[in-house]
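Below is one structure, written out as structure tokens; comments come after it.
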Amino acid sequence: MRYGLYIHIPFCRQKCFYCDFPSVAMAGGREKLMKPYVETICGEIEKWHKKIEEEKLGAPSTVYIGGGTPTALSEELLEKVLCRIGKISIEIPEFTIEANPGTVDLEKLRLLRKYGVNRLSIGVQTFDDEALKRIGRIHSGKEAVEAVELAIRAGFENISIDLIYGLPKQTMADFQKNVEKAMGLPVKHISIYGLQVEEGTVFGKLAEQGRLELPSEEVSEAMYDYLNEMLPQNGFQRYEISNYAKNGYESKHNLSYWQDIPYIGLGAGAHAYWQGQRYYNPVDIREYVSRAEKGDKLWEVEELLTEKEHMEEFCFLALRTVAGINRKRFAEVFGKSLDNVYGKVIEALIKKGLLEDNTDGVCLTKLGMKYGNQVFQEFLL
């Protein structure tokens, strides 16, 4: 059975100013939560291991440890988690961990390789030191480059880096330097996201006060156009709205999210999609640990998707990828023809140049990728 496993590590040295992910800064005594949290995670992994054996599910196709900052854990705590995952399978085709350049060294990276991690996703965001300070990052541009170099020395071949465009005070020239620097590194995958200002973040509060100086829409659009011109010219082909990879290095784990493939989520705030049902764990770390210690149920069941909602979500996620919506897969999942359900919508979007018919289904055009949210709205039934 094909499925993915996601493990959430919610600790960070410092919370980035734009981040609204379920994570906490290691301050105010929160670092004391790390050990009991890891013990709880290991317990969850052990329970899942037993389920795998009892139901003969087989090992997961992909494992992804995200955060937060997984590499903020000490080597001792990180090794505990990795050892427990190793009981499920010693060879996982794609085993990714997220890393912050300010929390890795050669020894920690070699530890990851020792336990089968074969893909490293490094959160760089920008190589500009002043910009890094403005967004609350703990590392420098030089340390970001060094993290990639150390990863190569540790034996990693499959390395991804994240960048953000549209940062406060970022100019077009600044962004071009970032993209050029990224393309010059020995990495196989680049994720580039436009900055989203979320409520409850430092940037959200600054925006409310009128104190967040962001590039104009025109400049942000020019940045978008630049990256979509330059990355393919340098061997990084777009396979999803925000993701670019060299041939064969697409993120298999993230593709599973967009292809309606089941996955298990372990850890505080983690989500799961299993047997057509969505689940989630409590976000609060103390509550998560306390429930586990009492033997209480961790997973909460999200409201069951109606067929209509499932169809909408299926289309939204599939359209994020270059492959788009597969007609055969849609019919297998829903027992209905894509064209019977969405024929008029598809026809109208093709006329607008936002969608195109390919061999297996329909996908976004280059223009459609740029205005994806407009297309997604049309797939609301």
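Taken together, the values in this text are just the output of simple stated rules run on the coordinates, not laboratory data. Predicted model, so just to flag it, every value in this text is computed and none were measured. Here the Cβ positions follow ideal geometry from the backbone for every residue, glycine too, while neighbour counts run over all protein chains shown.
Contact order, relative form, for segment 307-378: 31 percent (alpha carbon pairs under 8 Å, 6 or more residues apart, mean separation divided by residue count).
Dipole of the chain computed with +1 at Lys/Arg Cβ and -1 at Asp/Glu Cβ about the Cα centre; of F95, S242, F17, farthest Cα towards the positive end is F95.
Taking the chain as a Gaussian network, Cα atoms linked when under 10 Å apart, which of S89, S191, S23 shows the biggest mean-square fluctuation? Checking each option, the largest mean-square fluctuation is seen for S89. Ranking F316, V301, S290 by how far each Cα lies toward the positive end of the dipole of segment 274-324 (charges on Cβ) leaves S290 at the top.
Highest GNM mean-square fluctuation among V345, V145, V124, for the chain modelled with Cα contacts below 10 Å: V345.
Once C-alpha pairs closer than 8 Å and six or more residues apart are averaged by separation and normalised to the residue number of the chain, the relative contact order reads 15 percent. Estimated from helices alone, the mean residue ellipticity of the chain at 222 nm is -13000 deg cm²/dmol (sum of -39500 (n - 2.57) over DSSP H runs with n ≥ 4, per residue).
Left without a cysteine partner by the 4.7 Å Cβ rule in the chain: C12, C42, C83, C315, C363.
Under the classification rounded if a/c is under 1.5, otherwise prolate if a/b is larger than b/c and oblate if not, where does segment 4-258 fall, given a ≥ b ≥ c as square roots of the Cα gyration tensor eigenvalues? Cα axes put segment 4-258 in the prolate bin. Think of each Lys and Arg Cβ as +1 and each Asp and Glu Cβ as -1; about the Cα centre, that makes the dipole of segment 307-378 roughly 220 debye. Peptide packing: for 233-240, 35-42, the average count of neighbouring Cβ atoms within 10 Å per residue gives the ranking 35-42, 233-240, highest mean first.
For H310, H8, the sequence from fewest to most other C-beta atoms within 10 Å is H310, H8. For the chain, the Cβ-based charge dipole about the Cα centre amounts to some 680 debye (Lys, Arg positive; Asp, Glu negative; other atoms uncharged).
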